[in-house]
1. Grab the other residues whose beta carbon is less than 12 angstrom from that of A323, score K and R as +1, D and E as -1, and report the net.
2. Quick one: angle between helix 17-38 and the longest Cα principal axis of the chain, in degrees between 0 and 90, rounded to 10, please.
3. Quick check: convex hull over the Cα atoms of region 282-361, volume per residue in Å³, rounded to an integer?
4. Does region 101-195 come out rounded, prolate or oblate by the C-alpha gyration tensor, with a ≥ b ≥ c the root eigenvalues, rounded set by a/c under 1.5 and, if not, prolate when a/b is larger than b/c and oblate if not?
5. In terms of the Cα gyration tensor, with a ≥ b ≥ c the square roots of its eigenvalues, is region 43-360 rounded because a/c is under 1.5, prolate because a/b exceeds b/c, or oblate?
6. Does region 45-135 come out rounded, prolate or oblate by the C-alpha gyration tensor, with a ≥ b ≥ c the root eigenvalues, rounded set by a/c under 1.5 and, if not, prolate when a/b is larger than b/c and oblate if not?
7. Would you mind counting up the charge near T313? Only other residues with Cβ under 15 Å from its Cβ, with Lys and Arg at +1 and Asp and Glu at -1.
8. Would you tally the net charge around K46, using a Cβ to Cβ cut-off of less than 12 Å, leaving K46 out, and scoring K and R as +1, D and E as -1?
Amino acid sequence: MYVVSFHVDPNSLEGDMPHVRRHATLVIIGLLLPALLSAQSFKTEKFNIGGDGGTDYLTVDPATGRVYISRATHVVVVDQATGKVVGDIPETPRVYGIALAPRSGHGFTTNAGDSTSSMFDLRSTSVIKKVHAGAAGLDGIMYDDATDKVLTIDHSRPTGTAVVINPVSGDVVARVELTGDSPEGGVSDGKGRIFINIEDKNAIDVVDTKTWKVVATWPIAPCDGPTGIAMDRSTNRIFSGCSKTSVVVDATSGKVVAQIPNGEGVDALGWDQSEKLMYIPAGRDGNVTVVHEDAPDKYSVVATVPTMVGAKTVSVDDTRHVAYVFTPEYGPPPADAPAPAPGRRGPRGPVIGAWFIRITH
């Protein structure tokens, strides 16, 4: 239940009642917005797209409605409306992520198996070249619209790196030395700074795009293991996806200004700018927490949407206002499979389903 109260100065009523009524209406709508959102029905549609191989990130292209899904050795291209496979990008060993550079019409992958990035044509999905984009551990990837550059985010040793690629030529133009060995997602403020989650340090590295150097590192406790990241540029707030408790960070001061409860096994975070909705997928719990930004430092959980165990990453189409997750479904492991080592995942059985899931409201 929401109780709304406001004060009206009697001296202001004369000749100005329409203004007062408009103001009161706006106040009521603003206060009731979280309740209105929570009343919406978030629903899922599941499509079995087939094929073999594990997965990590997926990326939607709002311009075409294509969704690019990593599948271990290749990238599957799916039509978001029908769930049908419409393309395939081969030879991406241990592929993790996909970034799209719309100005050049090119896309890029992170291939941990051979430390390359596959540069491909967005229209035909044909591979143009392989870019040597790091020494080891290629994982996350992002596009910075302000500089028109693609960054592969690599779990290098002794410290992680971000390799900067010119998306027109595919040439490597810079290399950023990060402060931890497990960098994950990155996001740009569009004004010369890039923020990269450092999973092993529970921190965010701030990168200056003029020098391509880290200029600050912000601890973001109580976040544990930050992975996915997004940003509301209009409020200057960064969202870091973490298991159990995600956080909101002031992009000027680095201060944690809000905490958000969510499930476990988070490996990405999606953001719909116009609807002010955040999507936090929890692979262990098999759900997505949907959060509304009520104000720069105030957030409301409006839904917990069941998906499937294993669906740990997400991509949001903020044109169609749809979120997408994906996970393979595995059968039981062979009866003679060895027991897993302590703290390690046991062997998996064969893939018996490959579920592309749309979340709409």
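No value in this document is a laboratory result; all are computed from the given coordinates. Keep in mind that this is a model prediction, so the values were computed, not measured. In this analysis, Cβ positions are derived from the backbone assuming ideal geometry, glycine residues included, and neighbour counts consider all displayed protein chains.
1. Details: positive: K43, R320, R358; negative: E45, D272, E275, D317, D318.
Local charge sum for A323: -2.
2. 30
3. 116
4. Oblate, because a/c is 1.5 or more while a/b does not exceed b/c.
5. Rounded.
6. Oblate shape, in that a/c is at least 1.5 and b/c is the bigger or equal ratio.
7. -4
8. Values: positive: K43, R358; negative: E45, E329.
Summing Lys/Arg as +1 and Asp/Glu as -1 gives 0.
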